[in-house]
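Worksheet for the structure shown next.
Throughout, read-outs are computed from the coordinates displayed, never taken from laboratory work. Please read these numbers as outputs of a predicted model, since none were measured by experiment. Positions of Cβ are backbone-derived with ideal geometry, glycine not excepted, and every protein chain shown enters the neighbour counts.
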Amino acid sequence: MRSLIYIERLFNRFGDMLGWLSSILFILLLCNVVYDVVMRYVFNDVSIAFQEMEWHLFSAVFLLGVPYAIKAGGHVRVDLFYERLSNKAQAIIDLLGTLFFLFPFCLLVAWYGIDFAKESFALNEMSGDPGGLPYRWIIKGMIPLSFLFMAISGVGLVLHSLNRIFNPHLMHTSASK
């Protein structure tokens with residue numbers, strides 16, 4: 001059963017990497033916003049591309065941050081009741097929630113999001129605003145990719161739940177979360 005803990009750690013490293021990437025993108029977003037504000041209010045110069053880059057970066061931060069939130073236990077649930085349950089009951093809720101809600105939703109959005117991004121790529125979709133960003137398919141491609149990453153983080157959550165159920169004594173010594 002220690003192998004389950006090892007596999008869980010691999011999935012957690014993937015989630016940590018996405019969290020790190022999301023935080024780097026957030027710093028880039030911050031720099032972009034500061035640059036845009038300074039250019040607008042100090043130099044009276046507006047860049048449509050930089051404004052669009054703000055929502056592209058914000059989207060990427062959010063879409064890559066959610067898989068990390070799943071890994072870190074920052075996802076939404078009714079904590080008022082959840083926190084009062086035993087460790088095993090919490091693990092069962094996490095396991096069932098992942099299997100019956102998270103996986104189907106993530107796979108559904110990823111599946112249909114692929115066509116959404118492919119159509120944007122085929123049309124060579126770009127900003128409708130003059131001076132806007134080209135290659136809109138890149139940000140649209142982030143949608144199915146991020147939902148696939150959420151499903152991968154869900155696998156880590158399933159493994160963590162199984163470890164909490166079947167190896168509660170090993171979970172105290174492991175730094176899996």
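With the structure loaded, tell me whether Phe50 is part of a helix (DSSP H, G or I), more than 23 Å from the chain's Cα centre (by Cα) and surrounded by 15 or more Cβ atoms within 10 Å (Cβ to Cβ) or whether it fails that test. Even if it seems obvious, please write down each step before you answer.
Values: part of a helix (DSSP H, G or I): yes; more than 23 Å from the chain's Cα centre (by Cα): yes; surrounded by 15 or more Cβ atoms within 10 Å (Cβ to Cβ): yes.
So Phe50 fits the description; yes.
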Checklist entry - Counting just the residues of the range 117-138 that are in contact with a helix residue (DSSP H, G or I) (Cβ under 6 Å, 6 or more places away or on another chain) and in a helix (DSSP H, G or I), which one comes out surrounded by the fewest Cβ atoms within 10 Å (Cβ to Cβ)? => result Phe121
Checklist outcome for this item: Listed by first then second residue, the pairs whose first member lies in the range 15-38 and is under 23 Å from Gln51 (Cβ atoms), whose partner is among the charged types (D, E, K, R), with beta carbons under 7 Å and at least 6 positions apart or on separate chains, are Leu29/Glu54; Asn32/Glu54; Val33/Glu54; Asp36/Glu54
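Which of the residues spanning the range 122-149 are aromatic (Phe, Trp, Tyr) and closer than 18 Å to Met53 by Cα?
Initial filter on the range 122-149 (aromatic (Phe, Trp, Tyr)): 135, 137, 147, 149.
Of everything in the range 122-149, those that are aromatic (Phe, Trp, Tyr) and closer than 18 Å to Met53 by Cα turn out to be Tyr135, Trp137.
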